[in-house]
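Asks: So that we are looking at the same thing, I have put the structure below in structure tokens.
Just so you know, all these numbers are worked out from the coordinates, no wet-lab data involved. Remember, it's a predicted structure, so these values are computed and weren't measured experimentally. Reconstructed Cβ throughout: ideal geometry from the backbone, glycine too, with neighbour counts over all protein chains shown.
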Amino acid sequence: MRVMQVMGSDKRGGAENFFSRLCVALGESGLAQQVVIRRDAPCKQDLLDGGITPVELPFFYSGDIATRFLLKRRIAQFAPDIVLTWMSRATSVCPTGPFVRIARLGGYYDLKYYQSCHHLIANTEEIVDYLVKHGWPREKASYLPNFVDETPVRPIDRAALQTPPDVPVILALGRLHSDKAFDVLLDAMARVPAAHLWLAGEGGLDAPLKAQAESLGIAGRVHFLGWRTDGASLLAAADCLVCPSRVEPLGNVILEGWIQKKPVVAAASTGPAGLIETERTGLIVPMEDADALAAALNRVLTDPALSGRLAEAGHAHYLARFSRKAVVELYLDFFRKMVP
């Protein structure tokens, strides 16, 4: 079986990171694959580090004729059984041919870009429901989850982030965007005495969020860390992971918390609510509710038995359902079913 994977993005985000991880993992499994990316895409080095030399094409824009021609030539040379395209740009330039055409979606995308696909992969069951609701045949949609980086890491030195060694630390990761509801989290932090918040991310709300922290009198306990590539090390040094998002289709960050054996508190947006069994693998609170979020954080930080129980159950759930080994086997089984 031969699989070509195609990613046209020039960004560094959750989908691109998982694309690299999956390509490397499938390569290590022995799958015959060719990986095609946008020229000088950020994921290139991750692939090279994992032993994969990608083919690089322009991907100037969606429907780019030049890239379509070059991709068609590459497909003819490699002769894949399956071409798996990631998101709209790659899907829009994929030609038809004697192969199974599959696209992977990590969000609620416009299906007009996917009409020529034989099958769609969604990384949440809620996205599968969305596809069916918008007219896609249920038998042509499959749920395949993500896995996160499982490399063991050392905890970051708290002193390097001007954080005392003996205070509770809450970690939040994500773009400083209204979807992430970090404004609600800051309101909650005013009701979580003594705890420090590490907020790792960058975006257009940097200045307003810093001003909000000042106005709440918690600026000394809130650390704006900017864009970080060491999220696992931050998690290893923190006491709790929080995901207050208003909009979160998947919530990879939940999986990252589980693999690091950290208790997770999250608002009930689609992704976290679908992943977490509240009171067992984490705590779910209503969205936009700073009081409920603060109460849940205080519970986790002041009840070691609860914190330990949530962390252990989350870790066990990850290993059973979302580990690298489990997800790679799901993809291989899926590919085998797709090839006649």
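Asks: With an 8 Å cut-off on Cα pairs and a minimum separation of 6 or more residues, tell me the relative contact order of the chain in percent.
Replies: Taking the mean separation of contacting Cα pairs over the length of the chain, I get 13 percent.
Asks: Hey, another quick one. Is region 158-321 best put as rounded, prolate or oblate by its Cα gyration tensor, with a ≥ b ≥ c the root eigenvalues, rounded for a/c under 1.5, and otherwise prolate when a/b is larger than b/c, oblate when not?
Replies: Cα axes put region 158-321 in the rounded bin.
Asks: Mind checking region 268-340 for GluC sites (Glu not before Pro) that DSSP puts in a loop (not H, G, I, E or B) and that have at most 16 other Cβ atoms within 10 Å?
Replies: GLU277, GLU279, GLU288
Asks: Let me know the charge dipole size of the chain about its Cα centre in debye, to the nearest 20, where only the beta-carbon of Lys, Arg (+1) and Asp, Glu (-1) is charged.
Replies: 1200 debye
Asks: Given H placed on each backbone N at 1.01 Å, which residues far from VAL222 in sequence or on other chains put an amide H within less than 5 Å of it?
Replies: Amide H neighbours of VAL222: LEU197.
Asks: Taking 0.36 nm per residue of sequence separation and subtracting the Cα-Cα distance, how much length would be gained by fully extending the chain between ASP49 and LEU144, in nm to one decimal?
Replies: Result for the pair: 31.7 nm of gain on full extension.
Asks: Once R0 is set to 30 Å, what does the formula 1/(1 + (r/R0)^6) return for the Cβ-Cβ distance between ARG73 and HIS134, expressed as a FRET efficiency to the nearest 0.05?
Replies: My answer for the efficiency is 0.35.
Asks: Sticking with this one: Which residues in region 118-158 have a backbone N closer than 19 Å to a point placed 7 Å from the Cα of THR278 along the Cα-to-Cβ line?
Replies: Residues 126 fall inside that zone.
Asks: Calculate the FRET efficiency for ILE65 and ALA194 from the Cβ-Cβ distance with a Förster distance of 56 Å, rounded to the nearest 0.05.
Replies: Details: r = 60 Å, r/R0 = 1.07.
Between ILE65 and ALA194 the formula returns 0.40.
Asks: Let's test the formula: R0 of 30 Å, r as the Cβ-Cβ distance of ASP40 and THR151. What FRET efficiency results, to the nearest 0.05?
Replies: 0.75
Asks: Also: Might you report the magnitude of the Cβ-based charge dipole of region 42-161 about its Cα centre, with Lys and Arg at +1 and Asp and Glu at -1, to the nearest 20 debye? Let's see the in-between values first.
Replies: Values: 14 positive and 13 negative charges, 102 e Å.
Here the size comes out at about 500 debye.
Asks: Can you classify region 1-94 as rounded, prolate or oblate using the Cα gyration tensor, where a ≥ b ≥ c are the square roots of its eigenvalues, rounded means a/c under 1.5, and otherwise it's prolate if a/b beats b/c and oblate if not?
Replies: oblate
Asks: Stretch LYS210-ALA160 to full length: gain in nm at 0.36 nm per residue minus the Cα-Cα span?
Replies: 16.0 nm
Asks: From the phi angles alone, apply the Karplus equation (6.51, -1.76, 1.60; θ = phi - 60°) to region 323-330 and give each ³J(HN,Hα) in whole Hz, x where the residue is Gly or Pro.
Replies: Karplus values, whole Hz, x for Gly and Pro: 5, 3, 4, 5, 6, 4, 5, 4.
Asks: May I pose another question? Only bridges whose two residues both fall in region 158-321 count here: according to DSSP, what percent of them are antiparallel, nearest 5?
Replies: On the way: 1 of 19 bridges.
Once the DSSP bridges in region 158-321 are tallied, antiparallel ones form about 5 percent.
Asks: Report, by chain and number, residues whose modeled amide H sits under 5 Å from the one on GLN34, excluding near sequence neighbours (fewer than 5 apart, same chain).
Replies: Amide H neighbours of GLN34, under 5 Å, 5+ apart: VAL3, MET4, GLN5.
Asks: State whether region 100-230 is rounded, prolate or oblate according to the following rule on the C-alpha gyration tensor (a ≥ b ≥ c being the square roots of its eigenvalues): a/c under 1.5 gives rounded; otherwise a/b larger than b/c gives prolate, and the remaining case gives oblate.
Replies: prolate
Asks: Can you tell me which aspartates and glutamates have their Cα less than 18 Å from the Cα of LYS180? Leave out same-chain residues fewer than eight positions away.
Replies: Cα-Cα hits under 18 Å: GLU202, ASP206, GLU248, GLU256, GLU288, ASP289, ASP291.
Asks: Which lysines does LYS140 reach when only Cα atoms under 18 Å apart count, and residues fewer than 8 places away in its own chain are ignored?
Replies: Within the straight-line limit of under 18 Å, LYS140 reaches these lysines: LYS112, LYS337.
Asks: With unit charges on the beta carbon (Lys/Arg positive, Asp/Glu negative), name the residue among VAL264, LEU185, ALA316 whose Cα is farthest towards the positive pole of the charge dipole of region 158-321.
Replies: ALA316
Asks: I've got another one for you. With charges set only on the Cβ (+1 for Lys and Arg, -1 for Asp and Glu), what does the dipole of region 158-321 come to about its Cα centre, in debye to the nearest 20?
Replies: With only Lys, Arg, Asp and Glu charged at Cβ, the dipole is about 300 debye.
Asks: I need the phi-derived Karplus couplings for region 244-260: 6.51 cos²θ - 1.76 cosθ + 1.60, θ = phi - 60°, integer Hz, Gly and Pro marked x.
Replies: The phi angles translate into x, 4, 7, 10, 7, x, 10, x, 3, 4, 4, 4, 5, x, 5, 5, 8 Hz.
Asks: Students often forget the sequence filter, so: which lysines lie under 24 Å Cα-Cα from LYS44 once same-chain residues fewer than 8 apart are removed?
Replies: The reachable lysines, counting only those whose Cα sits under 24 Å from LYS44, are LYS11, LYS72, LYS325.
Asks: If packing is taken as the mean number of other Cβ atoms within 10 Å per residue, what is the order of 334-340, 235-241, 293-299, highest first?
Replies: Descending packing order for the listed peptides: 235-241, 293-299, 334-340.
Asks: Something else about it: Could you tell me which label, among (1) 18.7; (2) 19.6; (3) 16.9, carries the value of mean projected area of the Cα convex hull in nm² calculated for this structure?
Replies: (3)
Asks: So what are the ³J(HN,Hα) numbers for region 284-292, from phi and the Karplus equation (6.51, -1.76, 1.60; θ = phi - 60°), rounded to whole Hz, Gly and Pro as x?
Replies: Ordered by residue, 3J(HN,Hα) equals 10, 10, x, 5, 6, 10, 5, 5, 5 Hz.
Asks: Starting from the amide H of CYS243, placed 1.01 Å from N in the peptide plane, find each other amide H under 5 Å away whose residue is 5 or more places distant or on another chain.
Replies: VAL265, ALA266, ALA267
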